[in-house]
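Notes for the one structure printed next.
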Amino acid sequence: MKFNKPASDNPIDRQKVVSQPRDRIDGPLKTTGTATYAYEWHQEVENVAYGFVIGAGIAKGTIENIDTAAARQAPGVLTILTAENVGPLGKGEMNTATLLGGPTIEHYHQAIALVVAQTFEQARAAAGLVRVAYRREAGDYSLAAAKPHVTTPPEDTPDSVTGDFATAFAAAEVQLDATYTTPDQSHIAMEPHASMAAWEGEKLTLWTSNQMIAWCRKELAATLQIDKENVRVYSPYIGGGFGSKLFLRADALLAALGARAIQRPVKVMLQRPLVANNTTHRPATIQHIRIGTDRQGRITAIAHESWSGNLPGGTPETAVQQTNYLYAGANRLTGLRLAELDLPEGNAMRAPGEAAGMLALEIAIDEIAEKAGIDPVEFRILNDTQVDPTNRERFFSRRQFVACMRQGAERFGWSRRCATPAQVRDGRWLVGMGVAAGFRNNIVSESAARVHLDANGVVTVETDMTDIGTGSYTIIGQTAAEMMGVPLEQVVVRLGDSDFPVSAGSGGQWGANTSTAGVYAACVKLRDAVTKKLGLDPDTAEFSDGKVIAQGRTVALGDAARDGTLTAEDSIEFGDLDKQFQQSTFAGHFVEVGVDIATGEVRLRRMLAVCAAGRILNPKTARSQVIGAMTMGAGAALMEELAVDTRQGFFVNHDMVGYEVPVHADIPDQEVIFLDDLDPVSSPMKAKGVGELGLCGVGAAIANAIYNATGARVREYPITLDKLLAQLPELA
Ligand code: MOS
């Protein structure tokens, strides 16, 4: 189905099942521990051997020698794979560093060997006997040190220029010129990267944990230099991804190589201490923001430049993209600067671009609003725009940013905020409120599905879409139920199998809208097949309560399949509506914090997000996405940081003890409000993404609340005690 013009009324608008707060249909499997994760396919595969990954002990240089002799003699060892003995490998397009390094080492903990043994413990013990001699080379590991030398944008990412920023900024009555930093961050999903591989002749089956089945399949085939038709990928349950599992990673490749070498299934789970340096991470940024306004606080000039680093061939963190769209202003400049660093690869992590960019921009807005003497909620409303400020011919498909701000302010009791910092005390706590915008673009891409109807009226959906903990199973089931007019209980949803039609996958918050739109397209075809089979008028037929009603006749839906299952397959193909209109999602984030007057300890007291993100397909799962994202935002503001050893070139705190994330006790009452926001331009579902929106801006709202509480303006995330203490007011 082509989607070229805005959606008109369709069966989804009934919202009998869609948009209802249904429980997750995979909930019982998850809560009883019976969902089968990548490392757990015990029933399916026997005689499995275990792999243990050895990561490089240097960041840059070469391996002079790997001595595996002692390890090969260790109990239970079946084989040891290195780049030297696995034979030639191809390379996919999506990773910068190779997944099995050697002799050249491109980053710390790059996989250099897999020890395969009868048991995991034997593999681990033997790995300790492998001796590696390296020749270390000097590398560049400091973004701050590299920054002065990086003054121009990457060739394929020119600056975005509108009007004349420099002149307008110089003439502005109110000016802000400030620099903000965000650290490297790790996804550290609950389930580490894990895979099990088995070969039957030329055919490879991979059980893995991956957000994008089709990418994984293609990249694995390319790396093994085999036909992708010979690769079957399963990933029906995923214990978190956050972007770390968008790509083929070492666990999958090494499991496949190990299984091929010993002609026996092999499973590999990346050991937790390897995750931070072996896989990708969100790269650190240094962001320079300048904003000028007139006397009334209207933005006349805005510039945002962001520096990040990556391995040679890697991409920049696109931290300036929201600054092109979020606020009005005639004179604008945004640009990316990319330093070559020898740290592990930087890549997508939940809301790549905006998550880091909004951390900086939304403090800057707080600062300029204060300079202009305007309330930060009012400042944002004053500078709202209904057109794309970089191209004033182009409108937003739907933009309810002002409503997010107004409703949030009212609900949160914003009028009770004291504009002067450090005025409100509650015992030993200094109390403050902060606000930030939420903004994340809405991306659409082709997505396909297959639907079957059987004689009992059961509808089965098959698509290679994944559920990374987001609720895909449930909203896909709800979509098919709505379209076919059956209860949700009568829908079977099967995901995460490369034998199924290729979906858009889980990434960039496009999954919910695009994958359900693909299911919508397939169901439109199935409805046609049903009416044809039943001899009913397709244009007037109504699908409701397990029946099809048309021309005064009422027929049980299952009757259409009485001679055999009916099957339909289609995909949603998006035209250029996303070019004609700017499609984005919006939020208002409101936070109240308490800061200990003596220790600088920050406690979150209340959090509220008001979101305008298209039709909400399931308010229960969507709310879970947003509160999870708000929690992640709390981590970004207060805790999360991969500490870089700038001499040796690695992330030091590569475990869950040293890399701190929020836990239950850190998180207060969180409230989420969704505005009515049908967007017919986004898809026939009129939905948009919400899982990343919930993160974008939260951290800055916390930073702004800390400022309001204490008068301490910290521009380097995370806002830890050491940065606050020096700025705290004298003990009263
Ligand atoms: Mo997302 S960072 O594209 O999984």
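The values are calculated or read from the model by the stated rules, or taken from the named source; none is laboratory data. Small disclaimer: the values here were computed from a predicted structure and weren't measured. Because the Cβ atoms are built from the backbone with ideal geometry, glycine has one as well, and the counts that use them run over all protein chains shown. Calculation scope for accessible area: heavy atoms of the full protein, side chains included, ligands and nucleic acids excluded. Shrake-Rupley method; radii C 1.70, N 1.55, O 1.52, S 1.80 Å.
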- [ ] Can you figure out the FRET efficiency of Ala170 with Glu93, using R₀ = 56 Å and their beta-carbon distance, to the nearest 0.05?
- [x] 0.80
Task: Distant-in-sequence amide H partners of Thr285 (H built 1.01 Å from N, under 5 Å) - done: Thr182
TODO: Give the Kirkwood hydrodynamic radius (Å, one decimal) of region 441-535, defined as one over the mean of 1/r across all pairs of different Cα atoms.
DONE: 13.2
- [ ] Check the straight Cα-Cα distances from Lys91 and name the aspartates and glutamates below 14 Å, setting aside those fewer than 8 residues away within the same chain.
- [x] Glu219, Asp227
Open item on the list: Could you tell me the calculated FRET efficiency between Arg603 and Gln263, based on Cβ-Cβ distance and R0 = 56 angstrom, to the nearest 0.05?
Closed with: 0.50
TODO: Starting from the Cα of Lys547, draw a straight line to each of the lysines and keep only those under 18 Å, dropping any in the same chain fewer than 8 residues away.
DONE: Lys16, Lys525, Lys532, Lys533
Task: Relative packing of peptides 269-279, 542-552 - highest average C-beta neighbours within 10 Å first - done: 269-279, 542-552
- [ ] For a quick protection proxy, order the peptides 108-116, 142-150, 495-503 by their average other-Cβ count within 10 Å, most packed first.
- [x] 108-116, 495-503, 142-150
Open item on the list: At a threshold of 8 angstrom on Cα-Cα distance, excluding pairs fewer than six apart, so keeping six or more, what relative contact order does the chain reach in percent?
Closed with: 17
Open item on the list: Below 23 Å, Cα to Cα, which lysines can Lys723 reach? Residues fewer than 8 away in the same chain don't count.
Closed with: Lys147, Lys371
- [ ] May I ask you to compute the full-extension gain from Gln423 to Arg135, defined as 0.36 nm times their residue separation minus their alpha-carbon distance, rounded to one decimal in nm?
- [x] 97.8 nm
Task: Gyration tensor (alpha-carbon) shape descriptor, region 61-219, a/c threshold 1.5 - done: prolate
Task: Additional length obtainable on full extension of the chain from Asn85 to Thr565, 0.36 nm per residue less Cα span - done: 167.8 nm
- [ ] Assuming R0 = 45 Å, can you tell me the calculated FRET efficiency for the pair Val663 and Gln118, based on Cβ-Cβ distance, to the nearest 0.05?
- [x] 0.75
Open item on the list: Filter the chain for me: DSSP H helices, axial length by Cα at least 20 angstrom, mean Kyte-Doolittle hydropathy not below 0.5. List them by residue number.
Closed with: 354-372
Task: Enclosed volume per residue, in Å³, of the convex hull spanned by Cα atoms of region 539-633 - done: 212
Task: Cross-link pairs beyond the 24 Å C-alpha cut-off, checked among Lys245/Lys267; Lys620/Lys688; Lys30/Lys203 - done: Lys30/Lys203
Task: Peptides 463-472, 380-389, 704-713 ordered by average Cβ neighbours within 10 Å, highest first - done: 463-472, 704-713, 380-389
Open item on the list: Quick check on region 577-680: take the gyration tensor over C-alpha atoms, sort the square-rooted eigenvalues as a ≥ b ≥ c, and tell me if it's rounded (a/c under 1.5), prolate or oblate.
Closed with: oblate
Task: Heavy-atom surface of the chain, accessible at 1.4 Å and reported per residue (Å²) - done: 37
- [ ] Determine the calculated [θ] at 222 nm for the chain from helices alone, applying -39500 (n - 2.57) to every DSSP H run no shorter than 4 residues and normalising by the residue count; nearest 500 deg cm²/dmol.
- [x] -7000 deg cm²/dmol
Open item on the list: If you restrict to DSSP beta bridges whose two residues both lie in the chain, what percentage is antiparallel, to the nearest 5?
Closed with: 75
Task: Residue-span extension gain [Ala145 to Lys2] - 0.36 nm each, minus C-alpha spacing - done: 46.5 nm
Task: Largest-first principal axis extents of the Cα set of the chain (Å) - done: 81, 73, 51
